[in-house]
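What follows is a short report on a single structure.
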Amino acid sequence: MFPECVTCIVKQAEQLLQRHCQNSERADEVTLDLIRFMASGENELKSAPALPSFLDDLLERRCRLKKAIRDDSMHCNEQFLQLEETIRNDISKSINPLQKALQYTLAGNYVMNHQGSLDNLKIAIQSAARLRPVIDDSGKLFNRIRKAGMVLFIGDKAGDIVTDRLLLEQFQHPKIYYAVKEKGILNEATVDDAMHAGIDSVARVQGIPQDISFFNELPGNSGFGKTYREADVIISKGHTNFWKLHNETQKETFFLFSAGCKVILKLLKIGFDDPVVMYGKRYQQKIIGAEKYETLCNEL
């Protein structure tokens, strides 16, 4: 875990508490509990991928916020679904619909858990969809997908999964699996969200077990574990999934995200909110180097 992780998770907690917790004493208790936990001795729960689950449990235990956060996610899903046809039309009019759909799924990751007006969401996502990735391995991604027997797409947040569906439509691949959480952790998308967004019409939806910190630790006898091991190409959306997959060296992986993690910004030498489509081996071999990569794995 990096020092920046502490700032990030505390900020996320404060935002949720300000929105949903009217009891200031309980809100202060959550923040103090979180800081104490982060300052305590190292353990596996403090790895970057496990922090959202810890915060989710803490917010429910102290303030009973799970329903409120879930309501936020459902609202976000509905807003994105209202813009689905607008986005699809924009994609279809593009000279390169596949590339445009990719830029929209990156834009979806940029706006993420949007809670403003529908008009503001429309402006934000259309503006973000004009941006080309600053790290752009999209040509390699499309080529690998065309040759793959099976593709696994690991989704990220509620709402932006609607843009994932529009990208999957453009892939037109006969065997795509789409994986999200079995049950909600903060604003991460769930199987129910994926079904509501209609992703089951373009991919086979699977649930990811809650207690997984790194995908290469998955038991082979689980449904998702079997899919993970059989996939020829794995597409990972968002920062949380990046940290769960960054140490995967045996699979063909691609990372899609709008950069918001300060650690990732430093590693990749990119700017805040820059869109990224990155081949896993580029990250491991060319960007951070073998020695730094090993250090990173140990820190996480």
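The values are calculated or read from the model by the stated rules, or taken from the named source; none is laboratory data. Note that this is a predicted model, so its numbers are computed, not measured. Heads up: the accessible areas ignore ligands, DNA and RNA and are worked out on the full protein's heavy atoms, side chains in. Shrake-Rupley method; radii C 1.70, N 1.55, O 1.52, S 1.80 Å.
Data for the structure
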item	result
Ratio of Rg to Rh over the stretch 116-229 (Cα coordinates, Kirkwood Rh, two decimals)	0.98
Distant alpha-carbon pairs in the stretch 156-205 (separation over 18 angstrom), percent	20 percent
Shape parameters for the chain, alpha-carbon atoms, Rg then Dmax in Å	18.5, 56
Whole-number Å³ per residue for the convex hull built on Cα positions in the stretch 22-160	168 Å³
Per residue value of the accessible surface for the chain (all protein chains in place, 1.4 Å probe), Å²	45 Å²
Helix-only mean residue ellipticity at 222 nm for the chain, each DSSP H run of n ≥ 4 adding -39500 (n - 2.57), per residue, nearest 500	-16000 deg cm²/dmol
Candidates Asp164, Asp119, Asp90, ranked by Gaussian network fluctuation over the chain, Cα under 10 Å, top entry	Asp119
Relative contact order for the chain, counting Cα pairs under 8 Å that sit 6 or more residues apart, in percent	19 percent
Antiparallel DSSP beta bridges within the chain, percent to nearest 5	20 percent
The stretch 210-277 - share of DSSP beta bridges that are antiparallel (%, nearest 5)	40 percent
Overall form of the stretch 95-179 per C-alpha gyration tensor (a/c, 1.5; a/b vs b/c)	prolate
Long-range amide H partners of Gln206 with built H, under 5 Å	Tyr178, Ala179, Val180
Whole-percent carbon and sulfur share, accessible surface of the chain, 1.4 Å	49 percent
Members of Lys100/Lys140; Lys157/Lys226; Lys244/Lys281; Lys181/Lys237; Lys100/Lys122 lying beyond 18 Å, as alpha-carbon distances in this model show	Lys157/Lys226
